[in-house]
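To keep things clear, I will list the structure first and then write my remarks on it.
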Amino acid sequence: MLHTTFARAKKAGACVSSYRKMAKALGSVRKYGKDTPIPLDKALEVCGLEDVLWSLQIIIEPAEKEIRLFACDCADRVLNIYESKYPN
C-alpha cells in the first residue's frame, strides 16, 4: 500500500478543497497528525482518482518503478483510441 501525509500534500501545494475534504474525513489534520501516513485507497475513497494520481508524486514509499508501469498500462489501454484517430 502506498501512503502520503498532510505535511507532504501541503508542501507540494495540494489544492485547498481536496486538502480540507481529506482533513474533514479523517477528523482534522491536528487530530489525525500532519505526518501520519494516509493510505492512498482512503484518499481515493474521499477525494477521487484525479487527486490520487496527483498524490503519486508525494508518496512516502519508493515506488518509481510501479508508478512508471502504471503509467505504461494506462497508455496501453488507450493506445487504440489514439491510433484510430491518428492512423499514421
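The values are calculated or read from the model by the stated rules, or taken from the named source; none is laboratory data. Keep in mind the model is a prediction, meaning the values are calculated, not measured. Glycine gets a Cβ as well: all are built from the backbone with ideal geometry, and neighbour counts include every protein chain shown.
A few notes on this one:
- Flag if Lys65 is within 17 Å of the chain's Cα centre (by Cα), surrounded by 13 or more Cβ atoms within 10 Å (Cβ to Cβ) and without any contact (Cβ under 8 Å) to a residue 40 or more places away in the chain: no
- Residue count, the range 1-37 (criterion: in contact with a helix residue (DSSP H, G or I) (Cβ under 6 Å, 6 or more places away or on another chain) and not in a helix (DSSP H, G or I)): 5
- Sole exception among (1) closer than 23 Å to Met1 by Cα; (2) modelled with pLDDT under 95 for Asp51, by number: (2)
- The set of residues in the range 45-62 being surrounded by 13 or more Cβ atoms within 10 Å (Cβ to Cβ) and either in a loop (DSSP other than H, G, I, E, B) or more than 12 Å from the chain's Cα centre (by Cα) (or both) consists of Ile59, Ile60.
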